[in-house]
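In what follows, a single structure is set out as structure tokens and then discussed.
The values are calculated or read from the model by the stated rules, or taken from the named source; none is laboratory data. Quick caveat: nothing in here was measured; it's all calculated off a predicted structure. Glycine also receives a Cβ, built like all others from the backbone with ideal geometry; neighbour counts cover every protein chain displayed. For the accessible areas, the whole protein counts, side chains as well, though only heavy atoms, and no ligand, DNA or RNA atoms are used. Shrake-Rupley method; radii C 1.70, N 1.55, O 1.52, S 1.80 Å.
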Protein chains: 2
Amino acid sequence: MSDISPIRATSGTNQEGTSAHNRRVMMDALRLNGALSRADLARATQLTKQAVSNIIDELERDGFVVSLDAVRKGRGQPSTPYRLVPEGAFAIGLQIDRHLTRAVAVDLVGTVLVRAEANLPPDDPHGGVRIILGVIEGIRRDLAAISAQSERRIVGLGVAMPGPFGLEEFGDNKWMMPAWQKYPLLETLAAGTGFDVSLQNDAAACAIAERMVGAAHGLDHAVCLYVGYGIGAGLILNGESYRGGNGNAGEIGMALLSPRGSDGAVLEHRASLASLYQHLELDPSEPGLYEHVEALALADDPALLAWVRDAAMDLRWSVQLIETLFDPQTVILTSGAPEALARLILEAMLPLPSSIADRPQRSLPRLQLGITDPWSIALGAAAEPIGRAFDPRFSAILKTRSGG
Amino acid sequence: MSDISPIRATSGTNQEGTSAHNRRVMMDALRLNGALSRADLARATQLTKQAVSNIIDELERDGFVVSLDAVRKGRGQPSTPYRLVPEGAFAIGLQIDRHLTRAVAVDLVGTVLVRAEANLPPDDPHGGVRIILGVIEGIRRDLAAISAQSERRIVGLGVAMPGPFGLEEFGDNKWMMPAWQKYPLLETLAAGTGFDVSLQNDAAACAIAERMVGAAHGLDHAVCLYVGYGIGAGLILNGESYRGGNGNAGEIGMALLSPRGSDGAVLEHRASLASLYQHLELDPSEPGLYEHVEALALADDPALLAWVRDAAMDLRWSVQLIETLFDPQTVILTSGAPEALARLILEAMLPLPSSIADRPQRSLPRLQLGITDPWSIALGAAAEPIGRAFDPRFSAILKTRSGG
DNA sequence: TTATTAAGTCAACTGACTTGACTTATTACT
DNA sequence: AGTAATAAGTCAAGTCAGTTGACTTAATAA
């Protein structure tokens, strides 16, 4: 008989959900605040001292937290702070791009421990997946060499690749990766590795990375404007990555530049690295591209600067759009480009157009530079399973359909 | 000593949270599916029959659900369906606009039971609030006449008014309501009525109304494009109204129409009802305005049609933007304008520009007409407290700081 | 030296969901 | 008809995570 019921409802919860939530709350508090005593945690989470004590005991037994030396601060018994144990959990992150793949292993606090990359044959997911599985296998081996416990403690595999997803229509668009879009990637990787696998677009991965270890750390509302081969916005809304109804939220690169433009020009056509390469007449698959562009940026190459000036016009507009529609605490500029170029773009974007975001009492800048490391997408991909396993969130409380 | 701790953390939860969540889940399931037996609820919510039985007993005792006649369906003991009791709870919704205020009382299922309106003195919140309190007092009396229990069962007061909020900078902008923005409205209304009071912009209120009783019923991702005196987008993300970091998310009326336009033209300047009134040289404070515009729309007035054609160009673009950035399941067009005009606008917006939203296997239209009733904003305002009190959501599970 | 303050533990308690057996009511099959 | 099968719903004991309130420990302030 079928499990599928036509009745729609949210799942209920029980004590398991309560306990799971409270464990997550403890770990999240330690991540945000560094190290806290049981008494601190009780105050911050509004649980009783006793409940916190039990939970911390359990987390310590499970290897997620350890105590530090007691600290005396004023009257009263000294407190014993606890901190997260980085080796408490690991995750693997995978970036799949048009011409290459990068993979990293990170620990519970987001430190990258192992990294590896490989070239991918263009438009050949079947061959590509074989290569990817090899890369992941290598990452696992290297990680096992660092931490003996690691294999048991890997919570999942996060994959990031360019979106949008699920659109057959755009099959022959050069901005997409049509063959990969159709390939049953998650299933294949899950079968090949035994991990839970999740997928997000590269901008979302960037945003998750920024939230774990970057400019969005501790923020509940932030948007990451990612300027890569395409352009996307990674959304952190209410403290979680937002993906929309079909996983394509934030595809700002496809936003029409104007209501009246008859040409259907979209942001991506004018401000992406793809447009830069076209402007400079470079071949995107050329090996030394990154270094070449970096050199041009450092040398203030006039052709590159012309593109920057032009692209920045459109990107300023996109920041105003993001602020107007999402009302984030900050916007973070990230890029697959070298830091020198990202800085040029950022500078050229200032001053920003006025928006609802320029209020006098702001504490965060409207726009700031994020992680400018080519590995940040893989890092964000890896951060996703960590967040899914350890961050407090609604879905973690709900009962899950058993047997599925 | 101070309650305020520099330590940031999510609240923990306990059995109270569990129970509160499960009660909400039950009521939500009944709202979405009509009437369900205890066995149905157990299957849908993944709780045990026994747990459901206890919760339903309690909800019945509290007057939120009642049983219907048993129904026989195939083998086995007949099931006893339960449904929501509309009189189980009430809420009051208040729309504050530039020249008038509307208030409604709704019940648990979103039926409007009482309505009242009054004119407001422009830019005089102090006098305005006195009028508003009088209107609310009248609503309470009328509601008490309908349902004797009502006074005890009012869960809150929702207020909707034009945004954006909290911007001193825009003080003299004619699109805003500067005096009202500065007035401590929530505190005054809370003190004057004794209710919990919440505030949202009118577009958000529309979206909440659509989710409770309109085109977004049962949807988790929907955006409501509200064309009123200004223009806003009401956001339903993950089944909840999204308000951003400062309550201003969705202020699409302030989106710049183009990266290159030197004039700083925004959507609101060209496609709002304010721009229509300007185009037709009408005084927005004129009493019979609504009927006048309705007559023009029904008569296919050329000047009005010209504006419609023009505004629709910009609104089509805004729909593409919304789809690109939020990836909703559907976009709902709502308006403070008469239905005839709203229909003209909708028709003029078709066909929509292509976007990530036009995928072949769609079940919902990309754009549809929402509630075109001038009372829908007040209805949405009232729906907010109902949702806050009864919908399953993360915040409902968390412990709340005792003693404020 | 003593009072005060605060961290943390002990042990009994509570309450919401779970478990598994049982009762009730209906249809399907012989 | 009579019986088996099926499904709704109840009973009563069990479990477990957080709560309660008293207590212990260890520091500083007076």
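A:A144 label point (Cα plus 7 Å toward Cβ) to equivalent points in the other copies: 7.5 nm, shortest first.
Between B:S262 and B:K399, the FRET efficiency estimated from the beta carbon spacing at R0 = 45 angstrom works out to 0.25. Let a ≥ b ≥ c be the square roots of the eigenvalues of the Cα gyration tensor of the stretch A:317-403; is it rounded (a/c under 1.5), or, if not, prolate (a/b larger than b/c) or oblate? It is oblate, given that a/c is not under 1.5 and a/b is not larger than b/c.
Taking a straight Cα-Cα cut-off under 17 Å and skipping sequence neighbours fewer than 8 places away in the same chain, the aspartates and glutamates within cross-link reach of A:K73 are A:D40. Scattering from the stretch A:89-139 was approximated by placing one identical point on each alpha carbon and applying the Debye formula without solvent; log10 I(q)/I(0) at 0.14, 0.18 1/Å stands at -0.34, -0.53. B:Y183 exposes around 50 Å² of accessible area when a 1.4 Å probe is run over every protein chain in place.
Placing a label point 7 Å from Cα toward Cβ, how far apart in nm is B:Q15 from its equivalents in the other copies, listed shortest first to one decimal? Taking the point 7 Å beyond Cα along Cα→Cβ, the inter-copy spacings are 0.8 nm.
For chain A, what relative contact order do you get, as a whole percent, if you take Cα pairs closer than 8 Å and at least 6 residues apart?
Values: 728 pairs, mean separation 75.2, N = 404.
Relative contact order of chain A: 19 percent.
Taking the convex hull of the Cα atoms, report for the protein assembly as shown its projected area averaged over all directions, in nm². Could you put the intermediate results ahead of the total?
Working: hull surface 149.3 nm².
Projected area, direction-averaged: 37.3 nm².
Remark: relative contact order (the stretch B:216-370) = 26 percent; criterion is Cα-Cα distance under 8 angstrom and separation of 6 or more residues. Per-residue ellipticity at 222 nm from helix content only, as computed over chain A with -39500 (n - 2.57) for each DSSP H run of at least four residues, stands at -12500 deg cm²/dmol.
If one takes the accessible area of chain B alone plus chain A alone and subtracts that of the pair, with a 1.4 Å probe, what total in Å², rounded to the nearest 100, results? Before the final figure, lay out the partial values.
On the way: alone 19960 and 19950 Å², together 33080 Å².
Interface between B and A: roughly 6800 Å².
For B:D57, the accessible surface of its heavy atoms amounts to roughly 60 Å² (probe 1.4 Å, protein chains only, rounded to the nearest 10).
With both residues required to sit in the stretch B:216-370, DSSP beta bridges show an antiparallel share near 50%. Among the residues of A:317-324, the average count of other protein chain beta-carbon atoms within 10 Å of the residue beta-carbon is 6.
Alpha-carbon geometry of the stretch B:216-370: the Rg and the Dmax are 15.6, 47 Å, given in that order.
Restricting the calculation to Cα atoms, the stretch B:15-84 shows an Rg/Rh of 0.96 when the hydrodynamic-style radius is the Kirkwood one.
Only protein heavy atoms count here; on that basis, with a 1.4 Å probe, A:R140 has an accessible area of about 40 Å². Inter-copy label distances at B:R83, shortest first and taken from points set 7 Å along Cα to Cβ: 6.1 nm. Distances between every pair of Cα atoms in the stretch A:179-303, grouped in 5 Å steps from 0 to the bin holding the largest one, split as 2, 9, 13, 15, 17, 18, 14, 8, 2, 1, 0 percent.
For the stretch A:233-282, the set of trypsin sites (Lys or Arg not before Pro) satisfying both a DSSP loop assignment and a count of at most 15 other C-beta atoms within 10 Å is given as A:R260.
Each residue, A:Q368 and B:M313, gets one label point 7 Å from its Cα in the Cβ direction; the gap between the two is 4.1 nm. Across the stretch A:59-149 the C-alpha pair distances fall into 5 Å bins from zero in the proportions 3, 13, 18, 14, 12, 11, 8, 6, 5, 4, 3, 2, 1, 0 percent. The value of relative contact order for the stretch B:15-84, using C-alpha pairs under 8 Å at least six residues apart, is 35 percent. When the alpha carbon coordinates of chain B are projected onto the principal axes, the ranges are 67, 57, 49 Å, largest first. Beta bridges from DSSP with both residues in chain B: antiparallel share about 60 percent, rounded to the nearest 5. Say R0 is 45 Å: what FRET efficiency, to the nearest 0.05, do A:N54 and A:L133 get from their beta-carbon distance? Computed FRET efficiency for A:N54 and A:L133 comes out at 0.60.
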